[in-house]
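What follows is calculated from the coordinates using simple rules that are stated; it is not laboratory data. These figures come from a predicted structure and were not determined experimentally. Please note: Cβ atoms are built from the backbone with ideal geometry, for glycine as well, and neighbour counts cover all protein chains shown.
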Amino acid sequence: MDIEIRQGLAEARALAGAHWRALLTYTAIGVLLPFLLLASEPIFSLRTIMAIVSDPWTYRVGGSITGPLYLLGIVAVIVAGAMLAAWNALFTEFREGVISELMYGMVAGVAYLLANILLYAMIVFVSVLPLILLGGVAALSAGRESDGVLLEGYRFLLSLAGSWIGARLCLAGAIMGAAGKLEPVSAFIESWRRTRTAQWRLFGFYFLYGIVFAIPIVGLAMAHGAIIMTSAPGGWLETLMSLGWILLFALYFLGQILIPAGLYRASRPAAAAAEVFA
C-alpha cells in the first residue's frame with residue numbers, strides 16, 4: 001500500500017468540489033465560532049499581547065487565568081468536533097444531516113483531542129528525560145557555549161521527530177470520520193500502517209506545507225502589528241486585519257480537512273479486477 005501525494009491532492013480537490021456546502025458549514029463552525037469566542041477575551045487580543053511583550057514588568061492583565069484556559073478548552077473541542085464532523089460528511093455515503101454529524105463530531109472530537117494530547121505529552125516526557133538525567137535544561141543552557149549549541153540542536157531534532165510522527169498519524173482523523181469511529185487508537189494504528197511506505201514523502205510534503213502557511217501568517221502578523229502601533233483601537237484597518245485572520249485560518253482549516261481526506265482516499269488499495277468487472 002502506497003500513497004502518491006499528487007493523487008492525494010487530486011482526491012482532495014474532487015472532495016472539495018463534491019462537498020463544498022458541508023465544508024463551508026463546518027469551516028464556519030470550526031473557524032468563525034472559535035474566533036468570535038476568543039475575541040470576547042481581552043488576553044487573546046494581539047494588541048494586548050504586544051503590550052505585554054513590549055513592557056512585561058508594568059503591563060498587567062486583571063482576572064484569573066482559569067477563564068482563558070477554560071475558553072481555550074472549549075475552542076479546542078469545537079475545532080476538533082468540526083473537523084471530525086467534516087470528515088464524516090465527506091465519506092458517509094448517505095448523510096444523516098448536520099445535527100447528527102455534529103453530535104458524532106463532538107464526541108469523537110473529544111476522544112481524538114485527548115488522544116493527541118496524551119500522545120504528545122508522552123513524547124515531550126521522553127524527550128525531556130535525557131536532559132533531566134544529564135542535569136537539567138537550566139544547567140545545560142547555563143554552561144559552556146557549546147552546551148547551548150547542543151541544546152538547540154537537540155530541540156531542532158525533536159521538532160523534526162514531532163513533524164515525522166505527525167506525518168505518520170495524518171490519516172487518523174479521516175479514518176475515524178470515514179468509519180464513524182469514536183475511539184482514536186485503532187485509527188492511529190491504521191494511519192501508522194498506511195503511511196509506512198510513503199512516510200518520508202509525507203514528512204517532506206507537510207514540512208513544505210507548514211512553510212507555505214507560515215509565510216502569510218508572519219506577513220499578516222507584521223502588518224497587523226504595524227497598524228496597532230500607528231492607530232487607535234477599533235479602526236477599520238484593524239477590523240480588516242481581523243477579516244484577514246479569519247480567511248487565513250479558514251484556508252488552513254480546509255487544508256487540514258481536505259489534505260488528509262485526499263491522502264486517505266489515495267491510500268486505499270485499488271479494487272481487484274474481479275470487483276471492477278463484477
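With unit charges on the beta carbon (Lys/Arg positive, Asp/Glu negative), name the residue among 233, 215, 205 whose Cα is farthest towards the positive pole of the charge dipole of the range 177-238.
205
How far apart, in nanometres, would the label points at residue 98 and residue 246 be if each is projected 7 angstrom from Cα along the Cα-to-Cβ direction?
1.6
What net charge is computed for the residues neighbouring residue 205, neighbours being all others with C-beta under 13 Å from the C-beta of residue 205, Lys and Arg scored +1, Asp and Glu -1?
Values: positive: 6, 168, 201; negative: 4.
Net charge around residue 205: +2.
Grab the Cα-Cα distance for residue 6 and residue 150, subtract it from 0.36 nm times how many residues apart they are, and report the gain in nm with one decimal. Each step should come with its number before you reach the end.
Details: separation 144, 0.36 × 144 = 51.84 nm, distance 3.76 nm.
This chain segment gains 48.1 nm when fully extended.
Testing the spin-label approximation: label points 7 Å from Cα along Cα→Cβ at residue 221 and residue 16. State their distance in nm.
In this crude spin-label approximation the distance works out to 2.5 nm.
Based on the Cβ-Cβ distance of residue 268 and residue 232, what FRET efficiency does E = 1/(1 + (r/R0)^6) give at R0 = 41 Å, to the nearest 0.05? Can you show the working numbers first?
On the way: r = 55 Å, r/R0 = 1.34.
Calculated transfer efficiency: 0.15.
Using R₀ = 30 Å, calculate the FRET efficiency as 1/(1 + (r/R₀)^6) where r is the Cβ-Cβ separation of residue 50 and residue 123; round to 0.05.
On the way: r = 32 Å, r/R0 = 1.05.
Using R0 = 30 Å, I get an efficiency of 0.40.
R0 = 51 Å: FRET efficiency of residue 160 with residue 69, Cβ-based, nearest 0.05?
Working: r = 29 Å, r/R0 = 0.58.
It comes to 0.95.
Roughly speaking, what is the stretch gain from residue 201 to residue 38, that is 0.36 nm per residue apart minus the C-alpha to C-alpha distance, in nm to one decimal?
Numbers: separation 163, 0.36 × 163 = 58.68 nm, distance 3.57 nm.
Result for the pair: 55.1 nm of gain on full extension.
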